[in-house]
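To keep things clear, I will list the structure first and then write my remarks on it.
Coordinate-derived values only; no laboratory data. As the structure is a prediction and not an experimental result, all values here were calculated from the model. Cβ atoms come from the backbone with ideal geometry, glycine included; neighbour counts cover every protein chain shown.
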Amino acid sequence: KVKVFMSRVIEGLDVGPNSTRVGVINYASAVKDEFSLKAHQSKAGLLQAVRGMEPLSTGTMTGLAIQFAISRAFSDSEGARVRSPNFNKVAIVVTDGRPQDAVQEVSARARAAGIEIFAIGVGRVDMHTLRQMASEPLDDHVDYVESYSVIEKLTHKFQEAFCVVSDLCATGDHDCEQICVSIPGAYKCACKEGFTLNSDGKTCSACSGGLGSALDLVFLIDGSKSVRPENFELVKKFINQIVDSLEVSEKQAQVGLVQYSSSVRQEFPLGQFKNKKDIKAAVKKMSYMEKGTMTGQALKYLVDSSFSIVNGARPGVPKVGIVFTDGRSQDYITDAAKKAKDLGRSPEFSLGAGIAPNDELREIASEPVAEHYFYTADFRTISRIGKKLQMKICVEEDPCECKSIVKFQAKVEDLINSLQR
């Protein structure tokens, strides 16, 4: 799987003696120089060399491998060029375990020598070690995947980071909501007929003006012990990014927040806060309950209470619930989930769900289920939920009738992509 990942990245590079050069180091208890920067000057040669690689034996001497990169792989004799605006030195380290030697000091020496280090962790990797190795900013240089079977999903990131191609849109949509247009050495986003490009340069609007229509949005957040404090903070950050995208007022968007674990606690109801600043402050102050996972009880509260008139919901206003859970419920969810689905058949209500487990998410989410649920094994990939927040509330023939939902979807996706970066 790593060989496939390397091959995909190489395929997107401009390989040649005067452009990009690639070398590979294979390490375990010892270090093997598979091929140097000067060994292959064509893409075909590199790909053939990667296919011929074989795994080594036991051990994880990551520090030794980084020292080899400094003293040998990035030396003049091995084909490295002087670091300049035209030639950067980049190392991508892929590891799936805790190193058996020290990496902090040797990584610091590598960075001081002008080597930019990207660290990719797989499975049960030690995340602290990855952060010790990687260059700043760490958010851009540290990546994690659950297993080698999904490491290919990082291909697009490195193709974008390293390659200069004539058709940039061929490597992805670059977060353009509708149309990606390649121009020499760059790209730009465009919109279909009847839509206009927003100020972010990526999203499109079917209607002029701001978020003029109303929206009632309630978050239902898992505060159980299994979430862990650091992930709870990630969810709070994600909520506030979405709040930033809304126009909050009595006549426009209203936001409510409910946390649950062994019990259900309404943090604040719809309409309590009239502006984004107060909502975000309340989200930041939310304390972590850290007990059980009574998802059925929480869903019942969301459907019966959170969207009731007494708790600030407005009749006839589109209602959206976003549920975050990371563990199997300790109570019965079927009745509450069925009621949520029944409401979801109304054009006024939509329920999206993530993060786990898969079967319960499907049972909770509104129809069509494929567009309303998201599963991931790791909170750090929470950003990908954006593509699943495609709420089918609007009548496609006349999207202007619910422009708040159209813009909500577009802005959330853009903000989630920013959060990922």
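Structure summary
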quantity	calculated
For peptides 254-267, 281-294, sequence by mean Cβ density within 10 Å, most packed first	254-267, 281-294
Those residues of the stretch 268-293 whose amide nitrogen sits under 19 Å from the label point placed on Lys339, 7 Å along Cα→Cβ	269-270, 293
Burial order of peptide ranges 40-50, 308-318 (average beta-carbon count within 10 Å, highest first)	40-50, 308-318
Quotient of Cα Rg and 2.2 N^0.38 Å for the stretch 1-163, N being how many residues it contains	0.96
